[in-house]
Structure formats: structure tokens, C-alpha cells
Protein chains: 2
Amino acid sequence: MVGTADGEAGTSHSQSLERGLLILSAFRSGQPQLGVSELGRCVGLSRSTTHRYVATLATLGYLQQDEETKKYRLGPRVLDLGFSAINSMEVREVAAPHLRRLSDATGFTVNMAILDGNDIVYVERCRSTRPGQREIDLNLHIGSRLPAYCTSLGKVLLAHLSPPLRDAVLDGVDFARRGPNTITSRRGLLAELERVREQGFALNNEELAYGLRSIAAPIFDFHGDAVAAVNLAVHSSMISMQDLVARLGGTLRRAAAEVSAHLGHQPA
Amino acid sequence: MVGTADGEAGTSHSQSLERGLLILSAFRSGQPQLGVSELGRCVGLSRSTTHRYVATLATLGYLQQDEETKKYRLGPRVLDLGFSAINSMEVREVAAPHLRRLSDATGFTVNMAILDGNDIVYVERCRSTRPGQREIDLNLHIGSRLPAYCTSLGKVLLAHLSPPLRDAVLDGVDFARRGPNTITSRRGLLAELERVREQGFALNNEELAYGLRSIAAPIFDFHGDAVAAVNLAVHSSMISMQDLVARLGGTLRRAAAEVSAHLGHQPA
DNA sequence: GACGCCGTTCCGATTACTCGAACAGACGCC
DNA sequence: GGCGTCTGTTCGAGTAATCGGAACGGCGTC
């Protein structure tokens, strides 16, 4: 037998833990209520095995069983986990008041995101406070994911990755057209990232969706790594690309720089 | 052999899964960076065993290893879990726009919470938009927990529990004094809950902390269960208790009733 | 009432797990 | 420089925790 060559991690890997977490993750997609059999099919396990994991998760509070339908849904302990993840983010804590001020000052929606593989993950969000403002809402909330290549937040984060890491990430990108101006080639994106890196901010002119514009700036920690990015999202009817840069660019970059400074970043 | 009587769940229980999740939970308390040895001591396992779980969690993205310190922190996949938990809450989705409107209309901070055991868990939060407003912030964010017995949100949720369930919950309450007017006896709380139930809303007059007042109303689903509660939080210098009820009570209760109606609740 | 599906329980076979021991590296201390 | 002790990590042999098939009871439906 070869033995060692198969699987993913070979040596140290806990099958049970992986399967249990796989079951938990199954609740991400769509339906919030799942039964044992459904889950079993989802993760490719027998009903009995699935049930054991589900029962374990339920007694620990990670799942709750609906008394009527006998199906399971995520429990409050999962919330705990998620929130300790969020709250363990120094960046977010430090940035929150600055983002609020930025949103108040500009009247636009402010988002903060981190990079996770090909995706960006929203970790903070301040909706525009002006009631009359046209609502831009692709059903985004904290925790939402979007592909990095077609968002200002994603581009600014990719632009400040080390070249080998950036290339590794780009290998996995599916350059699907999502808006009128989506960058649909690796070559094009690389050129764009170069530009973003030089000018210190990223623009998005309807690359993700029709009518959506944004400008994003990076947040650096004390190592000089871009650990997060912050953007202003506007509707194309509200502002031209020129004005986006001229009127909002400075304020945005100043806010991002303040957050970076609080994280110990020393501007070169 | 007795066999079945020992342990917690007896029969179907996955040890590995429980241990793995225990390791994840260890990150809740304080330090966001933990090493293998620390974790091992935390959960009572050998370093090698702990390492296997940690490695598994890391390859799955639930943990990330800091390249310098070699210690681990929570990874982005944990965020996913937490957010699918939040987003699987129908209540929250339905309520969000109403809460925003309520906050805009009153100018005060609006909170929504659910009950989890003795605690309430914040699931939505709209900070007051008026800049001049005095900030009431006990470092609360979505996911924060507070004891139910000394909050308006908690009292209104407890008040609408079925008596046996309510009694079971109260058994675990530690009636610690947290503010000038904290209810510190089970007897007193039961009387208060009765009042809350009758009048349809709960008040908090500095029971949680000095200077903090709030008024809360329940949100019912189509079963008639109080699945969440919403409140308005104010500083005692801003408004008297009479005005809190007279000026804000109606608006708050109307907002809560609208959300309940959207969930299919039929007022009796 | 027979079928199909569900969640749940039980059991023996087996496989994936446990822990001690050992390694390599980092740090502090004489 | 050479201890001593702390890391994180790897390996292996013994064992205990896990696996999935089979069976039970409860629901709907045809």
C-alpha cells in the first residue's frame, strides 16, 4: 500500500472533526433547516453516522432541532464562534469609529473587507445615513462574500499582495463578466493591479454590477501588509468617476491612513 | 455494566468533534492568539492530539497560523459559520428595515436580541444617527451577550416564555446587582415579568448600569412565540421614564407589531 | 394496509484515533 | 558556547472510538 500519498493532508488530520464541520457548513447554502438524511446525502455519509455527528452538535448547542419538523438548524453557539472571530479582529475594532465618521462625513455607504482566497469578506459596514440616498444593496451584510477581481476592495487587496501569493490567488480566479466593465482577463487584471498599487487606491466603475461605482483604499498593519480595505460605494447616477476621485478620494484615503496609523503602520 | 448512565449523551456522541469544537471555543475567552501547548492545557489533551485537531482546523480554514509566533488564531471560515447562523434568522432579515426606520424616527439607538438560556444575544443594532446624541455604549456589538434579568430586552423575552420554561431558566440566574435599580430576587423578577406581560412592554431604569434607560417590545412569530425583542436605549439625562413610555412607547410597539405581522403573527 | 420516507438505536468489525517519545528550533541564562 | 526549557511538529504501535448495515417506530401517501 502507498497509504501516505492519498488524501489531502496525509498525516495529521482528524476525519471526525472534518466531517462534523462539513455538516455545519452544509447550512451555509440556502435552506436553514436540514434533516439528517438530507445532511447525510450532502456530505456523503450514512444516516447513522450523520446522526451521530448531528446529535453531538445538537447537545453542544451548535445545532437546534425543530420540535415539529425534526429537522435541524444552526444554534446559538455558532453565533458565539462567529462573533469571537469578528471580535478577535483588531482591525475591525480600531476601524469602526473611523468608518462611521467617514460615512457621516460623506453620506455614502462605507464597507470594510478582508481577503480570503479569491473572495473578499465584508467585516464591517456603515450604511449611508442620508435617508434620501439611493439605496445600493446587493443584499450585502457583514460576512457576505464577493469575488475579489471585480470589486474595488478586492482589487486594492490583491494589488498589495506579494507577487507569488497574488499569482497563486489569480490562478483560481474565474473571470466571469458581472457588469458592463468587468475585467475579464488575467492580463487585464494584472495591469489594473499595477495601476492600483501605484496610485494607492482602486476604482470600480460598474465592474460588479450595473450602476455601481466605488473607490477603495488599503489599510496596513505594522508589518506593512494590507490586512483590510475600506471603500465608499455610490450609485453611478450620483457621481461621476472624476468626482468620485476628486471629492471622495482624499477623505477616504485619509481615513484609511488613520486606521493604519492606529495599527502601528509607518508610512514609508 | 451500567454503561449507559455515565457521560452526557451516553450513546451517540462523537468525541473528536466535541474536542475539535472545544478547541475552537477556546478562542472565545480573551486572547485571540493561542499556541498548541496552551490549547492542549485548556482542553486537557496532549500536545500531539491537540496538534492534530489544530492542524485539521487550520487546513480547513477555521484556524490560521501566525507565521511569526507560530500561534493560531480564528480563520475566515469561522466567520462564514457565524454569519450563516445570523442570516438564517428570518426575524432579523425581516426586521432590519423597520429597525432602521425606528432609529431614524426617534434618533435613538435600536437593538434587537434573542434569548439564549440566561442571556440575551444582540442580533441587530442601529446606532443613533444624530451626531450630538450622547453615546451609550457598553462596548456592545452584534453577538454580544448580556444577562436577561437586568435588561429590558431580556425581561420582555422572559415574560413571554411558557411558565415551565421560564422557571427552568430562572433557576440558573445569578441575581447580581449591576445598577442602582437591579432586581435582585427571583420573587421580584417574577412580579416584574407579570407586569411586563400585561402591559406588553418592558422598561429598564438603570437596572443594568448607571444612567441607562430603555424600553423593549416583543416580536412574535406565527406561532405566537416571542422569538425576539427590540428596544430603544437612551441615557437617563435625555428623557424621563414617563416620557420614555409616552413619547417612544407607541412608536416602538408599532414597529415591533409590524415586524410580527410580517412573520405571520395574528394579534389575538 | 403496504409502501416510502423519516429520525433514531443497536451492534460487531475495523479503522481512525490517542498518547508517549523523539526531533528541531527559539529563547533565556549562566 | 553549552546548557535547560520552552515551543511546534512527526512517528509509531496499541487501543478505543468510530462506521455503516440492519432494524424499530412514527408519519404521510398512494
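The values are calculated or read from the model by the stated rules, or taken from the named source; none is laboratory data. Because the structure is a prediction, the values reported are computed rather than measured. Heads up, the Cβs are rebuilt from the backbone with ideal geometry, glycines too, and the neighbour counts pull from every protein chain shown.
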> Just wondering, is there one or more residues in segment A:232-251 that are within 24 Å of B:PRO76 (Cβ to Cβ) and within 18 Å of the chain's Cα centre (by Cα)?
Replying inline: yes
>> Condition first: crowded, with 21+ Cβ neighbours inside 10 Å and in a loop (DSSP other than H, G, I, E, B). Can you find one or more residues in segment A:165-181 that meet it?
In response: no
> Condition test on A:GLU207, is it closer than 15 Å to A:HIS160 by Cβ and either surrounded by fewer than 18 Cβ atoms within 10 Å (Cβ to Cβ) or acidic (Asp, Glu) (or both)?
Replying inline: no
> Among the residues of segment B:48-64, which ones are touching a helix residue (DSSP H, G or I) at 6+ places or on another chain (Cβ under 6 Å), away from DNA strand C (no atom under 13 Å from the Cβ) and not aliphatic (A, V, I, L, M)?
Replying inline: B:GLY61, B:TYR62
> Of these, A:SER214, A:SER237, which one is in a loop (DSSP other than H, G, I, E, B) and among the polar types (S, T, N, Q)?
Replying inline: A:SER237
>> Please pick out the residue among A:ALA255, A:ALA202 that is surrounded by 16 or more Cβ atoms within 10 Å (Cβ to Cβ), touching a Ser or Thr at 6+ places or on another chain (Cβ under 8 Å) and at pLDDT 95 or above.
In response: A:ALA202
> surrounded by 17 or more Cβ atoms within 10 Å (Cβ to Cβ), away from chain A (no Cβ under 14 Å) and at pLDDT 95 or above - does that describe any residue in segment B:136-149?
Replying inline: yes
> Considering segment B:150-175 alone, what residues qualify as being small (Gly, Ala, Ser), more than 14 Å from chain A (Cβ to nearest Cβ) and free of Cβ contacts under 8 Å to residues at least 12 places away in the same chain?
Replying inline: B:ALA168
> How many of the residues making up segment B:10-45 are near DNA strand D (Cβ under 8 Å from one of its atoms), more than 8 Å from chain A (Cβ to nearest Cβ) and not in a helix (DSSP H, G or I)?
Replying inline: 2
> Any chance segment B:74-88 includes a residue that's under 21 Å from the mean Cα position of the chain (by Cα), buried (at least 20 other Cβ atoms within 10 Å of the Cβ), away from DNA strand C (no atom under 14 Å from the Cβ) and in a loop (DSSP other than H, G, I, E, B)?
Replying inline: no
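Could you tell me whether B:ARG52 is in contact (Cβ under 8 Å) with a residue 40 or more places away in the chain and within 16 Å of DNA strand D (Cβ to nearest atom)?
Answer is no for this residue.
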> What about A:ASP104, is it out of contact with any Leu (no Cβ under 7 Å at 6 or more places or on another chain), surrounded by 19 or more Cβ atoms within 10 Å (Cβ to Cβ) and either in a loop (DSSP other than H, G, I, E, B) or modelled with pLDDT under 90 (or both)?
Replying inline: no
> If you check A:GLU68 against the conditions, is it acidic (Asp, Glu) and assigned to a loop (DSSP other than H, G, I, E, B)?
Replying inline: yes
> How many residues are out of contact with any helix residue (DSSP H, G or I) (no Cβ under 7 Å at 6 or more places or on another chain) and either crowded, with 18+ Cβ neighbours inside 10 Å or within 15 Å of B:ALA113 (Cβ to Cβ) (or both) when one looks only at segment B:226-235?
Replying inline: 1
> Of the residues B:LEU193, B:LEU189, B:LEU203, which is part of a strand (DSSP E or B), of a type in the set (A, V, I, L, M, F, W, C) and free of Cβ contacts under 8 Å to residues at least 60 places away in the same chain?
Replying inline: B:LEU203
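Can you say whether A:LEU102 is touching a helix residue (DSSP H, G or I) at 6+ places or on another chain (Cβ under 7 Å) and within 19 Å of B:ARG125 (Cβ to Cβ), as far as the supplied structure shows?
In short, yes.
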> Of the residues that sit in segment B:48-73 and are of a type outside the set (Ser, Thr, Tyr) and loosely packed, with under 14 Cβ neighbours inside 10 Å, which one is farthest from the other protein chains (Cβ to nearest Cβ)?
Replying inline: B:LYS70
> Does B:ILE219 satisfy the criteria of being surrounded by 15 or more Cβ atoms within 10 Å (Cβ to Cβ), hydrophobic (A, V, I, L, M, F, W, C) and more than 16 Å from B:ARG92 (Cα to Cα)?
Replying inline: no
